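Nothing in this text is a laboratory measurement; each read-out follows from the coordinates by a stated rule. The structure displayed is predicted, hence computed values, not measured ones. As a convention, Cβ positions derive from the backbone with ideal geometry for all residues, glycine included, and neighbour counts pool all protein chains shown.
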Amino acid sequence: MPRYCDVAVPVPLDATFTYSILDALPEPCVGGRVIVPFREKRLCGIVTELHDREPSFKAKPVQQVLDTTPALTDELMQLGRWIAHYYIAPTGEVLRTMLPLSAEFRRATGYRITDKGLEALHAASTIGSSRRAKVEPEQQMREYAVLNRLAEGEVMREASLRASAGASRAVIVGLLRKKWIAREDLSGVRDASRNVQVARLVDFSAGANLKQPEHSELERDPSTAARKSGAPPLRMTPNQQAIVDYLQAQTEQRAHVSAIRELAVPRTTLQTLVKRGIVEISEEPASFRMSGMKPRKLEFLFNAAQKAALAEIGVAVDAGKFLPMLLHGVTGSGKTAVYLSAMQAMLAKGRSAILLVPEIGLTPAMAADLHQIFGDEVAILHSALTDDERAEQWKRIRNGECHIVVGTRSAVFAPVADLALIVVDEEHDHSYKQDETPRYHARDVAVMRAKMTNAVVVLGSATPSLETYYNAQRGKYKLMELAERIEQRPLPEVEIIDMRAEFRDATKGEVLSRKLVVEIGERLERNEQVMVLLNRRGYSAFVLCRECGETVQCRNCAISMTYHKREHGLVCHYCGFKQAAPRVCPKCGSEYVQYLGTGSEKLEHLLHGMFPQARIARLDRDTVRGRDDLEHVLSALQAREIDLLVGTQMIAKGHDIPNVTLVGVVGSDAALGFADFRAAERTFQLLTQVAGRAGRGETPGKVVLQTFFPDHYAIRFAAAHDYRGFFEKEARFRSWMHYPPFNAVSNVLVRSPKLDEALTWSGILGKWFAATRLEGVRVMGPAAAPIVRLKTEYRYHFLLKSASRERMNNALRAMIEHAVEQKIPRTNLVVDVDALSLT
Ligand SMILES: [Zn+2]
Ligand SMILES: [Zn+2]
């Protein structure tokens, strides 16, 4: 057995640490996890090397060996090293990011519900909903939430209870005191001897014994509530329907409860189905195996371009060589069907595929579809999973039970074997870049992983990023195009409204142009649906004093606060700080405070006033708190229970609603005024994507685009559906200014709650950059960051550009070294390679 091992621990240090291995321990392995002492703590690290080289110091011994087979395969270890190198991130932090959180591996205490707790829960539910809804103190509500969760029969850790039932320490202590819950040691809980829960669809064809749901989601919307009286007895919410559909497709209409969780419907939905007598839950030994859901051969009706793209992907995979491909398809051209069909082909060959989707693209409805297509062969990784659930999925993938993985950013690290294909849907989406260490871009990691494993990677988008399209143009990526919408449906006609002229001619300060109001009215009359994009939430964008000219700013950030009418308060959109709406100016005491600028909340209000008959809904981060809210609005829109949808960029992403024939764009060109070199690209992408929502059904669509920059090329090319034209123009600007894709760009941010520290440290680095001859690297700064104070921290930054990534990264490494010598804490220095946001 080797005597020493090097371990990467999750700390912000660019080094691994050597530990000794005592004979009494099982033999660790490279890629396996060990528990090691680090400073005063015990940390879980990953072994990076086993060796017999005696270190110059007395090495501390490894305390525990968690894996004797690698948690991270050679392939993933290699990928991890590349990420650490490329993004200049500590290896330990990178490797930790690649594994599910270690929650399940630590010795921990869990909680289970006691008989007394079950009685209490039962008593509370029979008292009646009227009492429960009103006067229950919050603590008690939370206790019942925990009991409800535990009543599903599992032993759960505190962290999972916090995440899934909103439990706090006080709530758990209170429950323990009342003996409603009990502690349980979790070592060994994951043994095969434990029971699992199995859900079965009750034969409900009779329908007579069905209870109505106690708090139906349907009642939220008065229009649906009104129609409910005449509805059939089995009316279900889309979430409930998703579970029923899933169970119906299973052998004997039964499935593991854990598999149902994957559908990404809220937990309460399954409970509601049980309460309504539609589903029964029973305990089975864990060794009991479901005769699972078989993948279903889905037949797509493809047009010639789709068939060609699919054939090219097939040929590339069969060649067994790394090949990056760009699938550039206009909105509505059927890219998703191509991905799914290609993945089906991989499964048929017994190989693996990963599909990455942006955060908002992975809705419960999509998860249900994926289960229909891939059966139990698919693992779905999304942000609503608890740590334990994520670990469970990870294990299934690692054990080879799933060959298909669909997920958001971190799914790029899924430990599938024999990877043949990675698809990155909406590859231009900014949610693929992680905004904390390691600041990796999942699209670029996907390309690298494919390269390391000789796989094919397909990047898909209607609006490819400049970087990706540039690579396709140079022949680095193979370009495939879907130039037409399916069934030869036309792209929507786009009419540009010059809001400067509108301001002169019409009533000043109106948000909606006369033309857009007329067009909306016409669509509503014809029972067609309308979307209006206003990419700013809240009611009024800022509060201004007319006497002294001050705007009300957040006390933590150098940002104007936004007025939110429903909360009657001001909210900071960067740190979430809230305060009451001021009646007088906080600076000078004047009563002349004005609320200026329109947000989505106000627009919704205005539209209600103009079209009182219309059913209007809003989609933004204030109305969408979780995935369920999004799904709720989208399915109501699909069911034509909403006439008019107002929202921020959330409404632009991928939704396919055939009856939407008009899209209005209101004031979404504000970004063009900012000094961000990606502003034009972002605006072009947003406008193209939102325009793409119009006319996806049989009736052709129209877009009314209001702008103060009618001559800007981002607006012009978006209106003309001319991606190539936009690319050519934008590429010239980027090349001229030495920006990506022609140069690599990194942002170095120095931050501190103390202004003098931030200034001193950025001064030290500024001097170092000036004194050090960095050949081929341009350094700009130090300068105040665009948001100079954010979340109580002062921020100064440098922007580095270089045609040589090698040179730039060497410069950054040398800078970090200097910073360490100068005692600048590593956590106060953010190095963002390939930065997408310079705020
Ligand atoms: Zn004032
Ligand atoms: Zn703030």
Among the lysines, which have Cα under 20 Å from the Cα of LYS275 when same-chain residues fewer than 8 positions away are ignored? LYS211, LYS228
Any idea what log10 I(q)/I(0) is at q = 0.13, 0.15 Å⁻¹ for segment 748-839, Debye with uniform C-alpha scatterers and no solvent? -0.39, -0.52
P(r) tail for segment 585-638, what percent of Cα pairs lie past 17 Å? 57
With -39,500 (n - 2.57) per DSSP H segment of 4 or more residues and division by the full residue count of the chain, the 222 nm estimate, nearest 500 deg cm²/dmol, is -10000 deg cm²/dmol
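Based on the alpha-carbon gyration tensor of segment 476-622, what equivalent-ellipsoid semi-axes (square roots of 5 times the eigenvalues) come out, in whole Å, largest first?
They are 36, 22, 16 Å, listed from largest to smallest.
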Whole angstrom only: what separates the Cα centroid of segment 774-796 from the Cα centroid of segment 502-534? 41
Rg/Rh (Cα only; Kirkwood hydrodynamic radius) as it applies to segment 406-500: 1.07
Along each principal axis of its Cα atoms, how long is the chain end to end? Whole angstroms, biggest number first, please. 86, 83, 67
Over the Cα atoms of segment 418-560, compute the convex hull volume and normalise it per residue, giving Å³. 245
Under a point-charge model restricted to the Cβ atoms of Lys and Arg (+1) and Asp and Glu (-1), what is the dipole moment magnitude of the chain relative to its Cα centre, in debye to the nearest 20? 1420
Projected-area average for segment 338-389 over all orientations - Cα convex hull basis, square nanometres: 4.0
Once normalised by the length of the chain, the mean sequence separation of its alpha carbon contacts under 8 Å that are 6 or more apart gives a contact order in percent of 10
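Provide the net charge surrounding LYS335, with neighbours chosen by a C-beta distance below 10 Å and charges set as Lys +1, Arg +1, Asp -1, Glu -1.
Residues near LYS335 contribute -2 overall.
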Add +1 for every Lys or Arg and -1 for every Asp or Glu among the other residues with Cβ under 13 Å from the Cβ of TYR796, and state the total. +1
Where the Cα atoms of segment 571-681 are projected onto their three principal axes, how long is each span, largest first, in whole Å? 53, 40, 28
What is the percent of Cα-Cα separations in segment 691-774 that go past 17 Å? 71
How large is the Kirkwood hydrodynamic radius of segment 5-89, in angstrom, based on all distinct alpha carbon pairs? 13.2
Under 1.5 on a/c is rounded, so check that first for segment 239-285, then, if it is not, pick prolate when a/b is larger than b/c and oblate when it is not; a ≥ b ≥ c are the square roots of the alpha carbon gyration tensor eigenvalues. rounded
Alpha carbon Rg of segment 1-48, scaled by the compact-globule rule 2.2 N^0.38 Å: 1.08
Give the Debye-formula value of log10 I(q)/I(0) at each listed q (0.11, 0.14, 0.19 Å⁻¹), with one equal scatterer per alpha carbon of segment 637-715, two decimals each. -0.30, -0.47, -0.80
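Give me the percent of DSSP beta bridges within the chain that run antiparallel, rounded to the nearest 5. Working shown, then result.
Working: 71 of 123 bridges.
Beta bridges within the chain, antiparallel portion: roughly 60 percent.
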Restricting the calculation to Cα positions, tell me the Rg (one decimal) and the Dmax (whole number) of segment 324-410 in Å. 13.2, 39
